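K.L.:
Before we start, here is the structure in question, set down as structure tokens.
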Amino acid sequence: MESRVNPIAGTGDGAVAGARSAIDNSPEIRHDWSLEEIQALFDLPFNDLLFRAASVHRRHFDPNRIQISRLLSIKTGKCPEDCKYCPQSAHNDTGVEREDLLPVEAVLEAARAARESGATRFCMGAAWRGPADKDFDQGLRMVEGVKARGRETCASLGLLDGDQAHKLKDAGLDYYNHNIDTSPEKYGDIISTRTFDDRIETLGHVRDAGLKVCCGGIVGMGEGTVDRVRMLQTLVNMPRHPESVPVNLLIKVPGAPLEEASEVDPFDFVRVIAVARILMPASHVRLSAGRQSMSDEMQALCMFAGANSMFCGERLLTAGNPSPDSDRSLFGRLGLRPEGM
Ligand code: SAM
Ligand code: DTB
Ligand code: SF4
């Protein structure tokens, strides 16, 4: 398909946009959003909400640039946690086989390939409640190795204590991913082996260690708008906004309890992206899991509404993702350019 890239559109420089965001002290960045204010955004007519979100997006970022991350599952399956959405929980009969923690060399090779495919950030995910001592040192060596090769690093290893967060920082970790997944009120319906407050405590350790925070949630687990409001309110009213906000559309995995969750109206999903963008103007909002079940048009609407980050590559952790060819074609048709290229 022919590319419609216009070289003079936008600011044309993602690095400048990134730097602008990093020092942003705009009055749009607030930490005191009330439930009613956020609900009022969801209640706006769709076109008004999108216009507002796209306007905020343009004040803080080049709207034609997208940040690309690549995921690798460094330890797969048989996780002791009982997250009802997850293909990797030992409580869910999803057919995902257990794989041991990968050797450091295999991870470094995957990081090299990821950079060649255009990803600037390499995210390592593990099916753990949290890292055990015997695995943690190996995880630190992965972070050191990926960082030494000039990649931005992200890890998603479950619950951490303060000491572990500091060690990850010292090893060169840039971002820690730790999602709150849903509202505090709904959390107990989705996971019983840990609490919402456990997640918040780890996020505090991550911040205190000086790591950047990647924190978001999942849409499509049967939640109401009020849960979406409360989830976003929790994120925006943190002492600092997460630098990266993944918005996942539930991947309905056969054998997971949420396999039969009802479909989300695509416009409602776009609304969540738009409200996240308005609330956290300088953060990267990631159109995260679930893109394989979205049309190109829905993805384009998400990006118009302020999504400016994605996972690329055929696989997420265990689930599928659009092929690199289809993403390349989509970026060309939309005139989107990856950050750092
Ligand atoms: N075990 C670690 C943890 O839970 O933090 C890290 C890996 S876990 C797979 C990371 C995130 O993936 C979860 O918090 C959830 O938001 C997302 N996720 C897992 N399964 C999903 C699914 N079926 N659909 C959408 N997102 C999913
Ligand atoms: C996030 O918010 N989504 C990613 C990442 N953080 C670690 C994980 C998505 C997992 C989707 C299901 C799977 O691939 O197993
Ligand atoms: Fe384990 Fe993370 Fe999956 Fe929950 S989301 S079952 S903690 S891998």
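K.L.:
Report yes if G158 is among the small types (G, A, S), touching a Phe, Trp or Tyr at 6+ places or on another chain (Cβ under 9 Å) and within 13 Å of ligand 3 (Cβ to nearest atom), otherwise no. Even if it seems obvious, please write down each step before you answer.
P.N.:
Working: among the small types (G, A, S): yes; touching a Phe, Trp or Tyr at 6+ places or on another chain (Cβ under 9 Å): yes; within 13 Å of ligand 3 (Cβ to nearest atom): yes.
Considered against the rule, which asks whether it is among the small types (G, A, S), touching a Phe, Trp or Tyr at 6+ places or on another chain (Cβ under 9 Å) and within 13 Å of ligand 3 (Cβ to nearest atom), G158 comes out as yes.
K.L.:
Name the residues in segment 100-122 that are assigned to a helix (DSSP H, G or I) and of a type in the set (V, I, T), would you? Walk me through how you get there before you give the answer.
P.N.:
Step one: list which residues in segment 100-122 are assigned to a helix (DSSP H, G or I), which gives 104-116.
Passing the criteria: V104, V107.
K.L.:
If I go through segment 208-219 residue by residue, how many of them are within 15 Å of ligand 3 (Cβ to nearest atom) and in contact with a Phe, Trp or Tyr (Cβ under 9 Å, 6 or more places away or on another chain)? Steps first, answer last, please.
P.N.:
The initial filter retains those residues of segment 208-219 that are within 15 Å of ligand 3 (Cβ to nearest atom), namely 214-218.
Keeping just the survivors that are in contact with a Phe, Trp or Tyr (Cβ under 9 Å, 6 or more places away or on another chain) gives 214-215, 218.
Matching residues across segment 208-219 total 3.
K.L.:
Anything in segment 85-100 that is surrounded by fewer than 22 Cβ atoms within 10 Å (Cβ to Cβ) and either closer than 9 Å to W128 by Cα or within 13 Å of ligand 2 (Cβ to nearest atom) (or both)? List them, or say none.
P.N.:
As a first pass, look at segment 85-100 and keep what is surrounded by fewer than 22 Cβ atoms within 10 Å (Cβ to Cβ): 90-91, 93-95, 97-100.
T94, G95, E97, E99, listed by residue number.
K.L.:
List every residue pair whose Cβ atoms sit under 7 Å apart, with the two residues 6 or more apart in sequence or on different chains, where the first one lies in segment 254-276 and is closer than 13 Å to L49 by Cα and the second, anywhere, is surrounded by 14 or more Cβ atoms within 10 Å (Cβ to Cβ) and among the charged types (D, E, K, R).
P.N.:
V272/R228
K.L.:
So, in segment 206-235, of the ones that are assigned to a strand (DSSP E or B), under 24 Å from E263 (Cα atoms) and hydrophobic (A, V, I, L, M, F, W, C), which residue ends up farthest from the chain's Cα centre (by Cα)? Explain how you work it out, then say what you get.
P.N.:
Within segment 206-235, the subset assigned to a strand (DSSP E or B) is 212-214, 217-219.
Adding the requirement that they be under 24 Å from E263 (Cα atoms) leaves 217-219.
From what's left, hydrophobic (A, V, I, L, M, F, W, C): 218-219.
Details: I218: 10, V219: 12 Å.
Here the answer is V219.
K.L.:
Please go through segment 42-84 and give me each residue that is more than 16 Å from ligand 1 (Cβ to nearest atom), part of a loop (DSSP other than H, G, I, E, B), in contact (Cβ under 8 Å) with a residue 60 or more places away in the chain and surrounded by fewer than 22 Cβ atoms within 10 Å (Cβ to Cβ), ordered by number.
P.N.:
Start the filter on segment 42-84 by keeping residues that are more than 16 Å from ligand 1 (Cβ to nearest atom), which leaves 42-68.
When the remaining residues are screened for being part of a loop (DSSP other than H, G, I, E, B), the result is 44-45, 61-64.
Going one step further and asking which of them are in contact (Cβ under 8 Å) with a residue 60 or more places away in the chain, we end up with 61, 63-64.
Across segment 42-84, the qualifying residues are P63, N64.
K.L.:
Continuing with this model, one more query. Which condition breaks for C215 when tested against (1) buried (at least 22 other Cβ atoms within 10 Å of the Cβ); (2) of a type outside the set (S, T, Y); (3) in contact (Cβ under 8 Å) with a residue 40 or more places away in the chain?
P.N.:
(3)
K.L.:
A follow-up question, please. So the check is Cβ under 7 Å with 6+ separation or different chains; which pairs have a first residue in segment 280-292 that's among the β-branched types (V, I, T) and a second one that's not in a loop (DSSP other than H, G, I, E, B)?
P.N.:
V285/V245; V285/V247; V285/I273; V285/A276; V285/R277; V285/S309
K.L.:
Still on this structure: I'd like to verify a number: residues in segment 140-191 that are under 17 Å from the mean Cα position of the chain (by Cα), within 15 Å of ligand 1 (Cβ to nearest atom) and either of a type in the set (D, E, K, R) or at pLDDT below 95 (or both), how many?
P.N.:
Result for segment 140-191: 1.
K.L.:
Find the residue count for segment 123-154, including only residues that are more than 15 Å from ligand 3 (Cβ to nearest atom) and assigned to a loop (DSSP other than H, G, I, E, B).
P.N.:
Start the filter on segment 123-154 by keeping residues that are more than 15 Å from ligand 3 (Cβ to nearest atom), which leaves 133-134, 136-138, 140-153.
Then drop every residue that is not assigned to a loop (DSSP other than H, G, I, E, B), which leaves 149-151.
Total satisfying the criteria: 3.
K.L.:
Would you check if there is a residue in segment 263-271 being closer than 15 Å to C215 by Cβ, touching a helix residue (DSSP H, G or I) at 6+ places or on another chain (Cβ under 6 Å), more than 16 Å from ligand 3 (Cβ to nearest atom) and of a type outside the set (S, T, Y)? So that I can check it myself, show each step before the final result.
P.N.:
Residues of segment 263-271 that are closer than 15 Å to C215 by Cβ, as a first pass: none.
No: zero hits.
K.L.:
Quick check: anything in segment 132-141 touching a Gly at 6+ places or on another chain (Cβ under 9 Å) and small (G, A, S)?
P.N.:
no
The values are calculated or read from the model by the stated rules, or taken from the named source; none is laboratory data. It should be emphasised that the depicted structure is a prediction, and the values quoted were computed from it without experimental measurement. Neighbour counts are summed over all protein chains in view; Cβ atoms, including those assigned to glycine, are modelled from backbone coordinates with ideal geometry.
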